[in-house]
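A short worksheet on the structure shown next.
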């Protein structure tokens with residue numbers, strides 16, 4: 001016993017070290033380069049760790065250490081040592097080559113340009129062959145050009161980073177451009193400007209205004225864009241020096257370096273055609289930017305020349321192009337021509353000479369006993385040790401299974417149905433094990449937690465097949481306090497997982513292991529509607545109206561399938577890369593419901609009520625409830641309950657005061673008032689005019705006139721304000737006033 005304890009402690013420490021190493025090798029961002037060079041060992045380790053329970057236990061810190069795991073751990077250590085020793089003795093056969101990419105657009109209206117250029121958002125190629133952002137062909141007036149964003153990128157990814165040597169590619173680009181004022185913007189104030197960008201993907205368009213369409217506040221930390229902006233609008237909040245400068249942006253909309261181009265005699269807003277030359281030397285990390293009139297040729301003096309390391313913000317392949325936007329002031333950004341060339345280093349692997357057929361046949365008879373003798377003896381030793389260890393593992397496993405088989409029989413019978421599941425299609429909802437969820441979320445790491453409330457914790461994770469997911473873990477304390485039956489919750493999750501609609505977030509699966517209740521959703525990359533509505537900047541009315549219609553369609557489909565959402569709010573609406581709204585984060589259970597029959601009777605009308613409050617939030621641009629400020633202890637009525645304030649303004653015939661003034665003149669007031677009326681209509685008592693969701697869809701699409709609202713709000717059904725839940729005392733809530 002005294003002898004065994006130090007061994008067990010040492011092996012336990014080794015287990016934790018190897019556990020971290022295997023996680024790094026298989027799941028790290030760059031993988032282990034030396035291990036991947038030995039292809040057979042990497043493939044064996046990868047497939048073994050996916051299918052073998054031993055490696056699943058290595059990735060689970062709660063797994064107890066047992067004797068078979070100790071022996072298999074020693075086997076892995078010997079194999080890894082063998083791989084490393086073999087790799088050290090192998091000659092390096094990699095050949096470094098230069099990968100060159102070049103494309104040219106003398107203008108943008110050729111067939112080749114149409115095939116190689118991807119236009120996103122508000123961007124178009126006009127009849128003269130110029131690339132324009134924003135799109136002026138579908139707009140009736142300059143007012144329609146406000147708060148637009150667009151992007152134009154080369155349609156294929158370009159290699160800009162060598163992940164082995166961590167060296168950025170060298171590139172040089174030149175483009176001619178003209179910034180044209182609109183009729184409504186004849187003053188000296190310019191629009192927002194445009195930027196030359198290196199973006200991680202080819203489908204994201206950022207926010208308009210000062211964001212230049214590069215980024216938005218819903219982009220996660222992994223979305224890093226490198227941009228060189230030509231800014232014609234001074235935004236003090238972003239640290240702009242003036243309204244005529246170049247900014248170098250590294251993963252942020254706030255410029256790392258700004259250059260005042262007025263000092264070199266350039267005025268970006270004067271309507272002249274300018275040409276920019278940008279050259280980056282990857283090996284020396286040297287950036288050279290030159291700017292001048294297109295008719296004067298190559299400038300002798302750069303506007304910026306200095307060392308700048310951009311490798312931290314690059315992926316191996318990125319999309320190259322331009323991004324631009326407008327805000328309250330409009331401006332047309334014209335790209336006239338564009339050339340780009342990049343040179344990156346890559347390692348070309350060639351076969352070793354020892355594996356060539358001529359080497360085998362020609363020199364087979366000439367191999368002496370001394371050649372490779374040490375390597376052969378070393379290989380034989382490792383093979384012998386591996387065979388011995390495998391035999392020991394087999395014997396110990398037989399002994400272990402025989403001794404503990406009776407004790408585990410009941411557990412195996414209970415879990416038999418869970419383990420032996422039928423094969424399913426890849427995207428069909430299924431049951432996940434706690435080990436799969438733990439691996440996907442890195443053992444529920446706090447760094448992967450994206451949200452938490454009194455009901456649940458939400459984590460972002462990645463499955464073994466690489467699919468990004470969101471895991472919502474219901475808190476056991478909350479379920480017990482509400483008296484919720486876990487079987488009932490599981491039944492609801494499985495039933496709703498069958499729903500598929502373009503405006504609903506798909507449920508990928510569930511997990512009920514170890515008294516846990518978890519639901520797994522598809523990951524939606526652009527964040528929640530709450531982030532867009534209340535984040536930095538102003539969401540234009542056209543986007544708000546689109547979200548309202550998308551949510552209405554998704555909720556109407558759920559009701560048509562005899563389901564209810566039970567958690568309709570701005571945080572439950574998610575935005576994808578095309579700015580399509582998807583309704584997710586389903587409630588499954590309703591707080592305060594006294595019986596299943598009562599919940600079934602009131603859940604769909606409650607969804608309609610909550611959707612009505614969401615409409616008022618969208619129009620007003622503020623949350624359902626906002627506390628009075630300390631400087632105004634009495635507070636304005638608009639600082640209390642949003643629904644109460646909206647009805648009060650309706651009774652006073654001053655509903656235009658509810659509309660979010662931050663949207664400015666781009667809002668269509670008639671549409672906003674109609675949506676506000678529909679929202680108030682949804683909060684009426686059910687038998688006093690509250691519509692169903694099928695009718696609401698027709699109302700928000702303006703396909704059918706909504707009924708006229710009563711002059712005063714009648715007695716309301718649950719919930720009678722926008723912040724309370726179900727009435728706790730009785731089915732009918734007291735009068736609103």
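Here, each number is a calculation from the coordinates, and none is a lab measurement. These numbers come from a predicted model, not from an experiment. Positions of Cβ are backbone-derived with ideal geometry, glycine not excepted, and every protein chain shown enters the neighbour counts.
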note = Assertion target for 712, 488, 151, 315, ordered by fewest C-beta neighbours within 10 angstrom first, is 712, 488, 315, 151
query = Can you put 452, 511 in order, fewest other beta carbons within 10 Å first?
reply = 452, 511
query = By the gyration tensor of its Cα atoms, with a ≥ b ≥ c the square roots of the eigenvalues, what is the shape of segment 220-309: rounded for a/c under 1.5, prolate for a/b over b/c, or oblate?
reply = oblate
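Evaluate E = 1/(1 + (r/R0)^6) for residue 578 and residue 443, where r is the Cβ-Cβ distance and R0 equals 22 Å; express this FRET efficiency to the nearest 0.05. Show your work: numbers first, answer last.
Numbers: r = 34 Å, r/R0 = 1.54.
In this case the efficiency is close to 0.05.
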query = Quick one: Cα centre-to-centre distance for segment 463-488 and segment 277-354, in angstrom?
reply = 47 Å
ask   = For segment 220-252 and segment 523-593, what is the separation of their Cα centres, given in Å?
value = 31 Å
note = Most exposed to least, judged by fewest other Cβ atoms within 10 Å, 135, 607, 656 sort to 656, 135, 607
